[in-house]
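Please read the structure below before turning to the comments.
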Amino acid sequence: MAVGWSGARPGQVCLDLCCGSGDLALILAQRVGRTGQVYGVDFAADQLAVAQLRSQSAYLPTPIHWTLADALNLPFTDASFDAATMGYGLRNLTDIQQGLQELRRVLKPGARAAILDFHRPPSGWQQQLQQWYLDGVVVPTAERCGLREEYAYIAPSLDRFPQGPTQVELAIQAGFSQATHYPIVGGMMGVLVVGYGDSLG
């Protein structure tokens, strides 16, 4: 869904920001095909190593350029990318506004970015369900894999993360002319789609 909303097409140059182990970057590589390019960017070297291993066995039509970099200070020139995705990364930036500004800087006029993340749902019972899922399923599963600390932070990070309407405001302040937030999974997740020029038209 995020890749679809990014508008990525064959032959384009695309960015997967905060790519982690590479899920969205792998889909982007299939979408852009042999004539396109994909850059997967993360500041965690271990995650990039996992992503690179996965891509080597994925039979991709185009190699992915795995890049170690900070989302707040990207090593790309202005207007470098035709489309971008970010999965579960915006919530983890130390400065969301700066991250959106930097994303805006590297996108070409008319380009779109789709930003997928967890959110606190609007109703009390949905919040309770989400908290039960995180505490009762996600964190115990991560703990069995030796990754408890990597996942225990999710719940407190959600409490600090701006809700959809605020994300739209932040995107406009960052220089995007168009921004729409789509709640999904009952509001427990959402996709912020941003662009400028005719990108959302």
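Read the figures in this text as sums done on the coordinates, not as results from a lab. Everything quoted here is computed from the prediction, not taken from an experiment. No Cβ is skipped: glycine too gets one built from the backbone with ideal geometry, and neighbour counts run over all protein chains shown.
Descriptive notes on the structure:
- Total residues in the range 145-175 satisfying the condition of being over 20 Å from T94 (Cα atoms) and surrounded by 13 or more Cβ atoms within 10 Å (Cβ to Cβ): the figure is 1.
- Flag for H119 being surrounded by 15 or more Cβ atoms within 10 Å (Cβ to Cβ), in contact with a strand residue (DSSP E or B) (Cβ under 8 Å, 6 or more places away or on another chain), free of Cβ contacts under 8 Å to residues at least 40 places away in the same chain and not aromatic (F, W, Y): no
- Of the helices (runs of 4 or more DSSP H) lying entirely inside the range 118-201, those containing at least 1 residues that are of a type in the set (V, I, T) and under 16 Å from the mean Cα position of the chain (by Cα) are 154-160, 164-173.
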